């Protein structure tokens, strides 16, 4: 795998995601900045796969900044809803006033109820990381964590759909779980382990 260099652009305008990824990369001596800090526009995500949208974001940030860029596209797939919301996870939370994830979680549960979906209502979080270089080369790393959707929402830690996601074999949702434990087993952690193995462990 080619070298990353010492500065990496995180293709996000989300300060929380920048902090989380920055902390994961800190032990490897990589300095991170973000597309938001560099004033780059957010490209339109037009693909129907996590990999496709991750590529759009990473290539855009790499081209515009002239530096290697890392993007992440992630979401929750609910089996009884044919894998929805999937790549549209954030869209389900969109309102004129911004993203409302409690509303989105309620929408998922209502659809499961309308379908009479049997328990356990299995689901998984997926994450695809894409590293892109300014010359157009890229590399993908995919992670996932299996579990099920529970109701009512539980816990106020985490973000997004964490309060209704119970990982397989656990008694706490990602919304209740200690963040350090969640970060050790999450879909993003799974993808990051593969990313670190490719660039730093060789």
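The values are calculated or read from the model by the stated rules, or taken from the named source; none is laboratory data. The shown structure was predicted, so the numbers you read here are calculated from the model rather than taken from an experiment. Neighbour counts run over all protein chains shown; Cβ positions are idealised from the backbone, glycine included.
Summary table below
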read-out: Among (1) closer than 26 Å to residue 64 by Cβ; (2) surrounded by fewer than 23 Cβ atoms within 10 Å (Cβ to Cβ) - the single one residue 132 does not satisfy; value: (2)
read-out: Residue within segment 79-96 that is touching a helix residue (DSSP H, G or I) at 6+ places or on another chain (Cβ under 6 Å) and assigned to a loop (DSSP other than H, G, I, E, B) present; value: no
read-out: Residue check for residue 195: within 19 Å of residue 102 (Cβ to Cβ) and touching a strand residue (DSSP E or B) at 6+ places or on another chain (Cβ under 7 Å); value: no
read-out: Condition check for residue 182: in contact with a helix residue (DSSP H, G or I) (Cβ under 9 Å, 6 or more places away or on another chain) and part of a helix (DSSP H, G or I); value: yes
read-out: Flag if residue 76 is part of a strand (DSSP E or B), modelled with pLDDT of 95 or more and surrounded by 18 or more Cβ atoms within 10 Å (Cβ to Cβ); value: yes
read-out: Residues of segment 4-42 that turn out to be surrounded by fewer than 18 Cβ atoms within 10 Å (Cβ to Cβ), free of Cβ contacts under 8 Å to residues at least 24 places away in the same chain and on the phi < 0 side of the Ramachandran plot, as a count; value: 9
read-out: Checking residue 1 against (1) more than 17 Å from the chain's Cα centre (by Cα); (2) not in a loop (DSSP other than H, G, I, E, B), the condition it does not meet; value: (2)
read-out: Selection within segment 136-160 - within 23 Å of residue 21 (Cβ to Cβ) and free of Cβ contacts under 8 Å to residues at least 24 places away in the same chain; value: 155, 156
read-out: Residue that is under 30 Å from residue 59 (Cα atoms) and either assigned to a strand (DSSP E or B) or at pLDDT below 95 (or both), where the choices are 136, 202, 147; value: 202
read-out: Any hit, segment 161-178, residues being free of Cβ contacts under 8 Å to residues at least 12 places away in the same chain, loosely packed, with under 15 Cβ neighbours inside 10 Å, out of contact with any helix residue (DSSP H, G or I) (no Cβ under 6 Å at 6 or more places or on another chain) and in a helix (DSSP H, G or I); value: no
read-out: Residues located in segment 108-128, provided they are over 25 Å from residue 59 (Cα atoms) and either outside any helix (DSSP H, G or I) or within 20 Å of the chain's Cα centre (by Cα) (or both); value: 108, 116, 117, 118, 119, 120, 121, 122, 123, 124
